[in-house]
Amino acid sequence: MFMKNFTCREMGGPCDAVIEGETMEEVVKKGSEHVMAMAGSDEEHKKVHEGMESQGEEGKAKWFQWFQGEWDKKQTF
């Protein structure tokens with residue numbers, strides 16, 4: 001099993017919580033869940049969540065394209 005990990009900050013968020021998974025999709029899902037969970041009690045996460053929601057499909061696609069490059073560069077552990 002090969003895992004990759006990213007901090008919330010490396011994914012565009014405001015903190016250093018570690019998000020890990022075997023696939024890019026798993027990491028993106030966990031990262032999104034983290035931001036949504038924190039948005040209720042943390043203003044910085046709330047801003048990120050609102051920004052994600054306001055991007056629309058084109059903005060989300062652009063972010064996924066960017067993150068694919070970050071995923072490809074990241075070492076597995």
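The values are calculated or read from the model by the stated rules, or taken from the named source; none is laboratory data. These numbers come from a predicted model, not from an experiment. In this analysis, Cβ positions are derived from the backbone assuming ideal geometry, glycine residues included, and neighbour counts consider all displayed protein chains. Protein only, heavy atoms only, side chains kept; ligands, DNA and RNA dropped before computing areas. Shrake-Rupley method; radii C 1.70, N 1.55, O 1.52, S 1.80 Å.
Taking loop as defined by DSSP and a crowding limit of 16 other beta carbons within 10 Å, which GluC sites (Glu not before Pro) in the chain fit? Numbers along the way, then the final one.
Values: sites: 10, 20, 22, 25, 26, 33, 43, 44, 50, 53, 57, 58, 70; in loops: 22.
Answer by residue number: 22.
If DNA, RNA and ligands are ignored and the probe is 1.4 Å, what is the ranking of 15, 8 by accessible area, most exposed first? It would help to have the intermediate numbers written out before the result.
Working: 15 30, 8 5 Å².
Descending accessible area places them as 15, 8.
Per residue, how large is the accessible surface of the chain? Use a 1.4 angstrom probe and give square angstrom.
Per residue, the chain has an accessible area of 67 Å².
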Whenever you get a sec, compute what percent of the accessible area on the chain sits on carbon and sulfur atoms (1.4 Å probe).
-> 53 percent
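Longer than 24 Å from Cα to Cα, which of 46/73; 29/60; 4/29 are they? Say none if no pair is. Kindly include the intermediate steps, with their values, before the conclusion.
Details: 46/73 28 Å; 29/60 13 Å; 4/29 14 Å.
Violating the 24 Å Cα-Cα cut-off are 46/73.
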Using only the alpha carbons, work out the radius of gyration and Dmax of region 23-67 in angstrom.
-> 10.8, 29
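Once every DSSP H run of n ≥ 4 in the chain is given -39500 (n - 2.57) and the sum is divided by its residues, what mean residue ellipticity at 222 nm do you get, rounded to the nearest 500 deg cm²/dmol? Walk me through the intermediate numbers first.
Numbers: 3 runs with 46 residues, N = 77.
Mean residue ellipticity, 222 nm, calculated: -19500 deg cm²/dmol.
In a shell of Cβ-Cβ distance under 13 Å around residue 59, excluding residue 59 itself, what net charge do Lys and Arg (+1) and Asp and Glu (-1) give? List each step's numbers first, then the result.
On the way: positive: 60, 62; negative: 50, 53, 57, 58.
Net local charge, residue 59 excluded: -2.
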In units of 2.2 N^0.38 Å, the Cα radius of gyration of the chain is 1.07
Zone reached by a paramagnetic label modelled 7 Å from residue 47 Cα along Cα→Cβ, restricted to region 1-40 with backbone N below 12 Å, covers 13-15
